[in-house]
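Taking it in order: structure first as structure tokens, then the write-up.
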Amino acid sequence: MEFRDLKRQYQLHKEQIDAAIQEVVDCTHFIMGQQVVSLEKELAQYTDTKYCITCANGTDALQLALMAWEIGKKDAVFVPDFTFFSSGEVVPLTGATPVFVDVDKDTYNISADSLRSAIEYVIQNTDLRPRVVVAVDLFGRPADYQAIRQITDQYGLLLLEDGAQGFGGMADGRKACSFGDISTTSFFPSKPLGCYGDGGAVFTDNEEWAKRLMSLRVHGKGSDKYDNVRIGMNSRLDTIQAAVLLQKTGFLEEELEACGKIAKEYSKRLKDIVKIPADLGSMRSAWAQYTICLKSKEEREQVIAQMRADGIPSAVYYKKPMHRQEAFAENPVDAVPCQNTEYICERCLSLPFHPYLQEAEIEAVCGSLKKAVE
Ligand SMILES: *Cc1c(COP(=O)(O)O)cnc(C)c1O
């Protein structure tokens with residue numbers, strides 16, 4: 001069994017994907033070809049945002065957003081303590097200071113209460129200027145944008161949605177990647193909408209930021225690439241990747257539906273033996289991961305070992321709170337305790353999950369898990 005089986009999807013849609021790749025190779029327009037333009041149009045439409053600007057990966061997408069807002073020295077950027085490294089990595093790259101915020105113990109997404117405390121702490125105890133809140137749609141579940149938006153409005157902060165794991169998710173009738181003032185996603189192969197290499201995108205309704213983002217991704221270009229009006233990056237999406245993604249958007253809804261069903265099947269079997277993902281209510285998760293929480297670190301070790309013995313892969317996303325990463329050791333702002341993150345990091349476990357997971361495989365995973373915890 002594979003943790004995220006990408007081969008089944010390819011086998012199922014091989015003909016159309018091969019043809020799409022071949023078409024790019026035949027016309028040799030490898031950078032910023034027509035497929036990139038078409039994809040941006042389609043994704044803007046899908047997320048109901050005015051502008052989609054594709055780029056080289058999801059990390060660059062976050063950095064481009066902060067650069068477009070001219071975030072820098074003496075600025076504080078609030079980041080959940082429980083997330084993939086990128087969400088915080090981009091902050092010091094701009095010269096700004098990351099301030100880590102605890103997450104909700106059930107949804108694993110940024111906690112509104114902890115965020116408010118962290119902002120107050122920064123205002124009262126540092127000379128930093130609060131500027132941006134990064135909200136991550138962790139494991140595919142949209143963050144609590146109603147609560148977060150209230151706080152960003154109250155303090156005059158910008159909201160950056162890190163939708164790297166969230167593309168295709170929904171809340172309040174709106175699609176993920178439309179909740180931020182700027183939102184970003186990643187097309188890393190194992191993400192909900194993945195390409196065949198690295199890729200990413202930035203979404204916004206703001207024309208001025210969109211123009212700046214288009215300039216920033218091509219060396220800060222002015223009228224052309226050899227007229228440079230600002231310091232930028234080289235961060236474009238390859239035409240081949242856009243061609244692959246244009247094929248995959250055709251069956252994304254189908255896959256999301258399948259993911260929803262598989263998650264239900266898992267939860268039905270596991271609800272009485274482990275802590276399953278929190279109820280979604282009217283939201284839709286993009287199901288980047290199906291993550292359970294065990295009683296202790298020891299129990300998690302037991303489960304991992306049992307599953308491994310049964311030939312079943314599992315993964316710990318994430319082992320370490322952001323504020324404990326050595327890379328942030330210089331980060332001087334210890335604004336709020338992040339107890340929920342500490343708790344989750346020791347006990348969470350992600351199970352094999354993808355839209356093509358079969359009933360027998362779900363049975364095997366759950367059987368192995370039961371054996372281990374009983
Ligand atoms: C994967 C991921 C990123 C980075 O995306 P890349 O395309 O790998 O650079 C950023 N944030 C989160 C939450 C992610 O899961």
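The values are calculated or read from the model by the stated rules, or taken from the named source; none is laboratory data. Quick caveat, the model's predicted, so the values are computed rather than measured. We place every Cβ from the backbone using ideal geometry, glycine too, and count neighbours over all the protein chains shown. To get the accessible areas, we keep the full protein, side chains included, count just its heavy atoms, and leave off ligands, DNA and RNA. Shrake-Rupley method; radii C 1.70, N 1.55, O 1.52, S 1.80 Å.
Order 115-127, 194-206 from most to least packed using the mean count of other Cβ atoms within 10 Å.
194-206, 115-127
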> Pulled fully out, how much extra length does the chain show between Q150 and D48, if you take 0.36 nm times their separation in residues and subtract their Cα-Cα distance?
Replying inline: 34.6 nm
> Say R0 is 51 Å: what FRET efficiency, to the nearest 0.05, do D224 and N125 get from their beta-carbon distance?
Replying inline: 0.60
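Once you order the gyration tensor axes a ≥ b ≥ c over the Cα atoms, which shape class does the stretch 171-226 get: rounded for a/c under 1.5, otherwise prolate or oblate by comparing a/b with b/c?
oblate
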> For the chain, what relative contact order do you get, as a whole percent, if you take Cα pairs closer than 8 Å and at least 6 residues apart?
Replying inline: 23
> Among the trypsin sites (Lys or Arg not before Pro) within the stretch 303-374, which fall in a DSSP loop and have no more than 14 other Cβ atoms within 10 Å of their own Cβ?
Replying inline: K319
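Tell me which trypsin sites (Lys or Arg not before Pro) from the stretch 18-108 have a DSSP coil assignment and no more than 16 other beta carbons within 10 Å of their own.
In loop regions of the stretch 18-108 (DSSP not H, G, I, E or B), the sparsely surrounded trypsin sites (Lys or Arg not before Pro) are K50, K73, K74, K105.
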> How much length, in nm to one decimal, is gained on full extension between V25 and A309, taken as 0.36 nm per residue of separation minus their Cα-Cα distance?
Replying inline: 97.8 nm
>> On a 1.4 Å probe surface of the protein chains, which of Y155, Y145 comes out largest in accessible area, and what is the full order?
In response: Y155, Y145
> Of the residues Q146, Q11, Q165, which exhibits the maximal mean-square fluctuation in a Gaussian network model of the chain defined by a 10 Å Cα contact cut-off?
Replying inline: Q11
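Check each of the GluC sites (Glu not before Pro) in the stretch 231-338 and keep only those in coil by DSSP with at most 13 other C-beta atoms within 10 angstrom; list them in order. Write out the running numbers ahead of the final one.
Working: sites: E253, E254, E255, E257, E265, E298, E299, E301, E326, E330; in loops: E330.
The qualifying sites are E330.
If we count every other residue with Cβ under 13 angstrom of R131's Cβ, Lys/Arg +1 and Asp/Glu -1, where does the sum land?
0
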>> If the elastic network links every pair of Cα atoms under 10 Å, which of A19, A263, A176 fluctuates the most in the Gaussian network model of the chain?
In response: A19
> For the pair N234 and D272, how long in nm is the line joining their label points, each one 7 Å along Cα→Cβ?
Replying inline: 6.0
>> Return the Rg/Rh ratio of the stretch 10-138 with Cα-based radii and a Kirkwood Rh.
In response: 1.11
>> Show log10 I(q)/I(0) for the chain at q = 0.07, 0.09 Å⁻¹, two decimals, from a solvent-free Debye sum over equal Cα scatterers.
In response: -0.31, -0.51
>> For the pairs K271/K370; K191/K295; K264/K319; K14/K175; K41/K211, flag any whose C-alpha to C-alpha distance is greater than 21 Å.
In response: K191/K295; K264/K319; K14/K175
